[in-house]
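The values are calculated or read from the model by the stated rules, or taken from the named source; none is laboratory data. Being a predicted model, the structure only gives us computed values, none of them experimental. Note that we place each Cβ from the backbone using ideal geometry, even for glycine, and neighbour counts take in every protein chain shown.
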Ligand SMILES: Nc1ncnc2c1ncn2[C@@H]1O[C@H](COP(=O)(O)OP(=O)(O)OP(=O)(O)O)[C@@H](O)[C@H]1O
Ligand SMILES: [Mg+2]
């Protein structure tokens with residue numbers, strides 16, 4: 001049995017980094033080796049890793065994390081408008097503001113637990129979503145969405161004599177434009193850093209206290225721990241991860257719209273985390289990759305692709321198969337995702353990582369009798385030995401969930 | 001006589017018309033081992049719940065070393081030095097045995113909250129050693145890396161006791177710490193508690209097993225129907241006709 005150790009964690013991080021950086025090559029056979037999609041894997045990976053710090057470690061299920069995504073996007077676009085097209089100030093401001101926002105929402109929501117906590121977070125997120133469309137229009141630009149304009153002041157850029165030319169300057173990282181492959185590599189490196197940080201949190205005494213709260217919050221209290229600040233810290237950290245993800249969305253495409261805060265987006269990150277394996281290190285990244293892959297690949301398949309696929313069948317049968325399978329692709333990709341999700345939850349309640357771990361154990365230790373570690377904990381540690389698929393499956397087509405605000 | 005370590009003053013507890021505790025006055029002296037006995041439903045566990053902040057008394061108050069406990073949060077009461085073993089073990093069931101015992105050490109070391117991210121939980125030499133040695137004391141030395149929910153009922157009780165002992169409490173509240181244990185384990189627990197007594201820890205123990213009670217208790221309070229009906233040293237309680245009627249009668253025939 002493999003033991004969790006600093007060494008195994010470093011191996012895990014290195015393998016993860018290699019998988020991310022080689023993403024463009026690894027994803028080639030899956031037809032997804034292009035930057036737009038790969039960077040979406042990275043961004044949602046960050047979102048899900050952060051969500052997992054709250055849900056996976058403490059068991060508190062937030063249904064409102066998209067609100068922080070939105071705050072991150074809006075504040076980054078504002079930084080582009082007022083400060084600089086360099087992404088660094090935008091990212092820092094996004095993390096700070098989403099953290100403050102999470103502090104307020106968490107402070108109130110954490111007065112309750114279980115379903116009441118979930119409902120409170122959902123209510124707050126829907127409130128934010130509606131406010132973004134209505135009262136806050138001066139900040140969010142309502143339905144149109146917030147955009148960067150050529151005429152924006154950008155005080156910091158102006159100070160350093162940045163161009164005020166005819167063309168809107170692109171978002172950049174000290175001169176490197178955040179489009180195409182540089183955009184992906186920027187997001188990829190941030191993903192690697194945030195993954196490393198989640199390893200630190202998982203292994204720290206703080207992370208263990210969060211797990212203990214999930215296991216038996218009452219016992220924690222009678223053991224002398226004030227559980228509220230632990231939960232609030234986890235909530236704020238995961239809110240900042242979400243803010244960072246929202247910020248990167250704006251970095252790679254400087255727009256922000258309220259639909260990013262909608263409850264469907266909050267639900268999506270829950271699905272990603274559970275699908276991959278809540279409470280595991282790699283699970284959320286895996287889950288977000290798979291969902292984004294499905295969203296892009298399956299939604300792009302149309303009838304002609306299906307006819308080709310079933311071409312080997314006699315014509316009548318081909319028609320039947322095309323009709324049948326067309327239910328699951330294109331607009332119907334949600335059906336496929338729903339089925340996958342149901343299968344995973346019913347047969348692998350610990351998510352795909354649990355399945356991977358089961359396979360792995362059968363291979364390496366034929367009769368596992370030890371009760372030393374729970375399945376969940378194994379997953380956490382042994383991921384180091386068998387780094388799962390790279391965080392990214394690939395795909396063509398543009399995601400509908402991410403549709404840009406109409407102009 | 002010393003002032004009491006735990007002073008329970010005129011405590012009442014009602015549950016929707018049920019008088020679980022009525023006018024309880026009880027002083028626990030420093031360093032004594034005080035047994036609370038009584039039939040099922042007498043209110044023994046309720047009394048401990050009032051002490052540790054799980055329940056608020058309907059009336060009255062509880063003082064610990066002169067500090068009022070009523071109205072305080074459970075974690076504050078624990079930080080003052082009160083540790084409790086519950087009637088139904090409260091453990092971190094999906095963590096390992098040694099992790100269960102290490103966690104309480106952190107609440108002594110770091111207080112009620114600490115954002116400790118700079119170290120690793122699995123690289124805590126001194127803390128792990130301390131946990132191991134307590135586990136050896138309670139007889140769980142062979143189970144340190146087992147998952148807690150796989151332990152037997154008796155082992156769970158011993159683990160919960162270890163989780164309290166590792167905090168070096170001033171006052172130890174035990175709710176039936178030997179229920180579900182085999183005879184040999186019960187005797188081992190009696191020996192262990194006698195060792196702990198010698199270190200000056202004050203103990204309140206609720207117990208149905210009279211062998212345990214008479215092996216440990218300096219004084220006994222008998223609770224029946226939410227009232228204290230008798231109190232005194234073991235010899236006195238043994239011969240008290242009221243007690244025999246209310247409780248011992250059924251067992252000692
Ligand atoms: N939270 C509660 N809500 C309502 N009634 C309660 C609650 N806790 C205890 N009671 C009732 O109060 C009475 C005393 O219960 P308690 O658990 O204190 O008894 P006990 O002396 O510990 O009994 P046992 O020896 O069976 O553990 C019982 O009638 C019980 O049903
Ligand atoms: Mg009881």
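Of the helices (runs of 4 or more DSSP H) that lie entirely inside segment A:1-120, those containing 3 or more residues that are under 30 Å from residue B:120 (Cβ atoms) span A:6-21, A:35-58, A:87-109.
In summary, helices (runs of 4 or more DSSP H) completely within segment B:143-253 and bearing 3 or more residues that are buried (at least 22 other Cβ atoms within 10 Å of the Cβ) and touching a helix residue (DSSP H, G or I) at 6+ places or on another chain (Cβ under 6 Å) occur at B:153-165. Filter segment A:218-263 for residues that are closer than 22 Å to residue A:121 by Cβ, more than 10 Å from every other protein chain (Cβ to nearest Cβ) and more than 18 Å from the chain's Cα centre (by Cα) and give the result. Across segment A:218-263, the qualifying residue is only A:231. Here the condition is being over 26 Å from residue B:140 (Cα atoms) and more than 8 Å from chain A (Cβ to nearest Cβ); of B:88, B:46, it holds for B:46 alone. Here residue B:133 does not fit the description of being more than 16 Å from the chain's Cα centre (by Cα), more than 10 Å from chain A (Cβ to nearest Cβ), exposed (fewer than 15 other Cβ atoms within 10 Å of the Cβ) and over 30 Å from residue B:76 (Cβ atoms).
Scanning segment B:1-31 for residues that are within 15 Å of ligand 1 (Cβ to nearest atom) and surrounded by 15 or more Cβ atoms within 10 Å (Cβ to Cβ) yields a total of 10. Can you pull out every residue in segment B:32-71 that is modelled with pLDDT under 95, over 15 Å from residue B:7 (Cβ atoms) and away from ligand 1 (no atom under 16 Å from the Cβ)? Answer for segment B:32-71, where residues must be modelled with pLDDT under 95, over 15 Å from residue B:7 (Cβ atoms) and away from ligand 1 (no atom under 16 Å from the Cβ): just B:71.
Quick one: is residue B:95 over 30 Å from residue B:152 (Cα atoms), more than 19 Å from the chain's Cα centre (by Cα) and facing chain A (nearest Cβ under 9 Å)? Working first, answer last.
Numbers: over 30 Å from residue B:152 (Cα atoms): no; more than 19 Å from the chain's Cα centre (by Cα): yes; facing chain A (nearest Cβ under 9 Å): yes.
No: the conditions fail for residue B:95.
Only one entry in A:184, A:174 is more than 7 Å from every other protein chain (Cβ to nearest Cβ) and closer than 20 Å to residue A:288 by Cα, namely A:184.
All told, residue A:242 meets the bar of being assigned to a helix (DSSP H, G or I), over 29 Å from residue B:100 (Cα atoms) and at pLDDT 95 or above.
Take the residues of segment B:3-34 that are part of a loop (DSSP other than H, G, I, E, B) and farther than 23 Å from residue B:235 by Cα: which is farthest from ligand 2 (Cβ to nearest atom)? Please lay out each step first, then the result.
Our first condition is that a residue be part of a loop (DSSP other than H, G, I, E, B); within segment B:3-34, this holds for B:3-5, B:16-17, B:29-32.
Next cut, farther than 23 Å from residue B:235 by Cα only: B:3, B:5, B:16-17.
Values: B:3: 28, B:5: 22, B:16: 19, B:17: 20 Å.
Restricting to residues being part of a loop (DSSP other than H, G, I, E, B) and farther than 23 Å from residue B:235 by Cα, the top hit is B:3.
Restricting B:165, B:173 to those that are within 13 Å of another protein chain (Cβ to nearest Cβ), within 12 Å of the chain's Cα centre (by Cα) and within 16 Å of ligand 2 (Cβ to nearest atom) reduces the list to B:173.
Identify all residues within segment B:35-46 that are touching a strand residue (DSSP E or B) at 6+ places or on another chain (Cβ under 9 Å) and either more than 9 Å from ligand 2 (Cβ to nearest atom) or part of a loop (DSSP other than H, G, I, E, B) (or both); write none if there are none.
Here is the first cut: in segment B:35-46, the ones touching a strand residue (DSSP E or B) at 6+ places or on another chain (Cβ under 9 Å) are B:35-39, B:41-46.
Of everything in segment B:35-46, those that are touching a strand residue (DSSP E or B) at 6+ places or on another chain (Cβ under 9 Å) and either more than 9 Å from ligand 2 (Cβ to nearest atom) or part of a loop (DSSP other than H, G, I, E, B) (or both) turn out to be B:35, B:36, B:37, B:38, B:39, B:41, B:42, B:43.
Residues that are within 14 Å of chain A (Cβ to nearest Cβ) and assigned to a loop (DSSP other than H, G, I, E, B) were ranked within segment B:49-66; the one that is farthest from ligand 2 (Cβ to nearest atom) is B:53. Identification of helices (runs of 4 or more DSSP H) wholly contained in segment A:150-230 with 1 or more residues that are over 17 Å from residue A:58 (Cβ atoms) and in contact with a strand residue (DSSP E or B) (Cβ under 9 Å, 6 or more places away or on another chain) yields A:155-159, A:180-203, A:217-222. (1) crowded, with 16+ Cβ neighbours inside 10 Å; (2) without any contact (Cβ under 8 Å) to a residue 60 or more places away in the chain; (3) touching a strand residue (DSSP E or B) at 6+ places or on another chain (Cβ under 6 Å): which one isn't true of residue B:99, the others all being true? Condition (3) is where residue B:99 drops out.
Starting from segment A:264-279, take each residue that is within 14 Å of residue A:295 (Cα to Cα) and list its partners that are assigned to a loop (DSSP other than H, G, I, E, B) and modelled with pLDDT of 95 or more, counting only C-beta distances under 6 angstrom and pairs at least six apart or across chains. Once the first residue is within 14 Å of residue A:295 (Cα to Cα) and sits in segment A:264-279, its partners that are assigned to a loop (DSSP other than H, G, I, E, B) and modelled with pLDDT of 95 or more give A:269/A:65.
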